[in-house]
Amino acid sequence: MSGHGTPIPMTSHRAEPLKGVAEVPGDKSISHRSLILGAMAIGETRISGLLEGDDVLDTAKAMQAFGAEVVNHGGGKWSVFGVGVGGFAEPDQVIDCGNSGTGVRLIMGTMATSPITATFTGDASLNGRPMARITDPLALFGAKAVGRKGGRLPMTIVGAAEPTPVRYVVPVPSAQVKSAVLLAGLNAPGKTVVIEKEATRDHSERMLAGFGAEITVEDTEEGRVITLTGRPELKPQEIAVPRDPSSAAFPVCAALITPGSDVLVPGIGLNPTRAGLFYTLQDMGADLIFENPREEGGEPVADLRAKYSPDMQGIEVPPARAASMIDEYPVLSVVASFASGKTMMAGVKELRVKESDRIDAMARGLRANGVTVAEGEDWWSVDGLGPDGVPGGGTCESFLDHRIAMSFMVMGMGAQNPVTVDDGSPITTSFPIFEPLMTGLGAKFTRA
Ligand code: S3P
């Protein structure tokens, strides 16, 4: 869990030129899915490179509560001894998913088509996030949900004893919703069909296929049509989790705005549904190249080399790219502050329902550091101040949101004056080695 303890104020001072190799941890999305699908297979799934952040550790505990055996061998190597599709036991405790929307939504989906009842809760951030987007489609399978006003956690799900498969058009671009429906469909007899109008991260589809489920994906006029045949016997897998592009974003962006930097970020997952930030940075004129492209564990991977880039220009980020970089807009807005001209980010309403309202959280912190920001319900823009133009000197609230905290720590590395974050404790949800990794490259962080 996170954000339950004492706040950790952190300050980021102007950095030395960043040099070296930044080995970021495993992908968060793939780590959650490895544990959950491992629990749905029969036998031992072996995982290497698992992200050992709080979010994923909470999912590991949840899988144990539902009856799977989860073993930590150390050094990022884990085993899950699964109970098979439909094999979940009823947990005897409340499932606490901490800060993790992905954890709670995927697990709710997975248990919703079994004849068991489970109650879910999380930290203040998670308990404020909308769950109706999950419980609406789960009701179609026959599951019942009772939560707080507005469909908030804590919430109890009564799984369907006789689930029926569904055909569901996902109303918002959300991989969590898509995945929850697919995972529920695993234990429904017959074909569950999920249609998404905009492609979102496709790790669930890839991994379900890898575990032996019958799943097809078709691009049609209606959108991406995903068809899953229920009640498969999933086969345990060996999974090597690629390094997380959403975590790589921080050392990459820090290098672009810190004079004299040259950083290599190796082995980064570059699934096209995740890599939008890097193309956007290249469009802005960043000195960022993909070296040694290859495939690892069914995912495209490359080494990223990022160098100080004083000539970046503001751009209009294509709204069609939003889903492939949805978690990266906070740190992109920091880079945009160091570019010349305006950066416009539209089609990003989903940012308002993340771990925080990320448009609001970033706008407040950027303004506190001398940057001009304009915003509407589903867009925002940042007026770049040029490579050495960001005054800094402000204190930013992180709102229990790891990516807000890390984005402002990056900002301080290139700003004229130090930038302070009121609480850096949420960083451990996704990037537990953020502080040593960044200071190892040349960042200067202090704790107040
Ligand atoms: C995730 C999906 C995205 C993303 C989150 C991880 C996933 O959320 O923001 O960090 O692993 O499926 P949404 O489904 O809400 O877009």
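The values are calculated or read from the model by the stated rules, or taken from the named source; none is laboratory data. Quick caveat, the model's predicted, so the values are computed rather than measured. Reconstructed Cβ throughout: ideal geometry from the backbone, glycine too, with neighbour counts over all protein chains shown. In case anyone asks, the SASA skips ligands and DNA or RNA and just uses the protein heavy atoms, side chains included. Shrake-Rupley method; radii C 1.70, N 1.55, O 1.52, S 1.80 Å.
Keeping all protein chains in place, calculate the accessible area per residue for segment 364-420 (probe 1.4 angstrom), answer in Å².
Accessible area per residue: 32 Å².
Quick one: compute the contact order of the chain, relative version, from alpha carbon pairs under 8 angstrom and 6+ residues apart, as a percent.
So the answer I get is 20 percent.
In segment 117-218, how does Rg compare with the Kirkwood Rh, expressed as the Rg/Rh ratio over alpha carbon atoms?
0.97
When only the heavy atoms of the protein chains count and the probe is 1.4 Å, how do Tyr329, Tyr168 rank by accessible area, highest first?
Numbers: Tyr329 0, Tyr168 30 Å².
If we order Tyr329, Tyr168 from most to least accessible, we get Tyr168, Tyr329.
Answer with one residue from Ala322, Pro310, Ser356: the one whose Cα lies farthest towards the positive end of the charge dipole of segment 289-362, charges on Cβ with Lys, Arg +1 and Asp, Glu -1.
Pro310
Please compute the volume of the convex hull spanned by the alpha-carbon atoms of segment 91-132 and report it per residue in Å³.
It comes to 65 Å³ per residue, whole-number rounded.
Principal axis lengths of segment 218-319 from Cα atoms, whole Å, largest first?
55, 36, 19
Rank Thr164, Thr220, Thr121 by mean-square fluctuation in a GNM of the chain with C-alpha springs under 10 angstrom and give only the top-ranked residue.
Comparing Thr164, Thr220, Thr121 in a Gaussian network model of the chain, the most mobile one is Thr220.
For segment 349-410, which GluC sites (Glu not before Pro) are both in a DSSP coil and crowded by at most 10 other Cβ atoms within 10 Å?
When the GluC sites (Glu not before Pro) of segment 349-410 are filtered for loop state and at most 10 Cβ neighbours within 10 Å, Glu377 remain.
Rounded to two decimals, what is Rg over Rh for the chain when you use alpha-carbon atoms and the Kirkwood radius?
On the way: Rg = 21.1 Å, Rh = 21.9 Å.
Over the Cα atoms of the chain, Rg/Rh equals 0.96.
Working with all protein chains in place, sort Ile268, Ile8 by solvent-accessible area computed with a 1.4 Å probe, largest first.
Most to least solvent-accessible, the answer reads Ile8, Ile268.
How big is the equivalent ellipsoid of segment 193-232 along its three axes, where each semi-axis is √(5λ) from the Cα gyration tensor, reported in whole Å from largest to smallest?
Values: eigenvalues 68, 25, 9 Å².
Output for segment 193-232: semi-axes of 18, 11, 7 Å.
Provide the percentage of antiparallel DSSP beta bridges, counting only those with both residues in the chain; round to the nearest 5.
Antiparallel bridges make up about 75 percent of those DSSP assigns within the chain.
Go through Ala145, Thr220, Ile195 and say which Cα lies farthest out towards the positive end of the charge dipole of the chain; charges sit on Cβ, +1 for Lys and Arg, -1 for Asp and Glu.
Ala145
Once segment 246-393 is represented by equal point scatterers at the alpha-carbon sites, with solvent omitted, what log10 I(q)/I(0) does the Debye formula produce at q = 0.14, 0.20, 0.22 Å⁻¹?
Listed by q, the Debye log ratios stand at -0.63, -1.24, -1.44.
Calculated FRET efficiency, Val71 and Thr156, Cβ-Cβ r, R0 22 Å, to nearest 0.05?
E between Val71 and Thr156, to the nearest 0.05, is 0.15.
Scale the Cα Rg of segment 167-207 by the rule-of-thumb value 2.2 N^0.38 Å and send over the ratio, two decimals.
Ratio of Rg to 2.2 N^0.38 Å for segment 167-207: 1.08.
When only alpha-carbon atoms are used, what values of Rg and Dmax, in angstrom, describe segment 1-101?
16.7, 54
In segment 102-202, what percent of the accessible surface is made up of carbon and sulfur (1.4 Å probe, ligands and nucleic acids excluded)?
Values: 1910 of 3330 Å².
Its accessible area is 57 percent carbon and sulfur atoms.
Counting other Cβ atoms within 10 Å, which GluC sites (Glu not before Pro) in segment 145-235 have at most 13 and lie in a DSSP loop?
Glu214, Glu221, Glu222, Glu233
Helix-derived [θ] at 222 nm for the chain: sum -39500 (n - 2.57) over DSSP H runs of at least 4, divide by residue count, nearest 500? Please list the in-between numbers first.
Numbers: 12 runs with 127 residues, N = 448.
Result for the chain: -8500 deg cm²/dmol, rounded to the nearest 500.
If you count only protein heavy atoms and use a 1.4 Å probe, how large is the accessible surface of His32, to the nearest 10 Å²?
0 Å²
Please compare each pair in Lys149/Lys349; Lys149/Lys235; Lys61/Lys149; Lys61/Lys235; Lys77/Lys349 to a cut-off of 29 Å on the Cα-Cα distance and tell me which ones are over it.
Violating the 29 Å Cα-Cα cut-off are Lys149/Lys235; Lys77/Lys349.
Normalise the Cα radius of gyration of segment 342-448 by 2.2 N^0.38 Å (N = residues in it) and let me know the number.
That works out to 1.06 for segment 342-448.
What is the dipole size for the chain, taken about its Cα centre, with +1 at each Lys and Arg Cβ and -1 at each Asp and Glu Cβ, in debye to the nearest 20?
For the chain, the charge dipole is close to 520 debye.
Can you give me the angle between helix 101-111 and the longest principal axis of the chain, using Cα atoms only, in degrees from 0 to 90, rounded to the nearest 10?
Tilt relative to the chain: about 10 degrees.
In segment 300-340, what percent of the accessible surface is made up of carbon and sulfur (1.4 Å probe, ligands and nucleic acids excluded)?
49 percent
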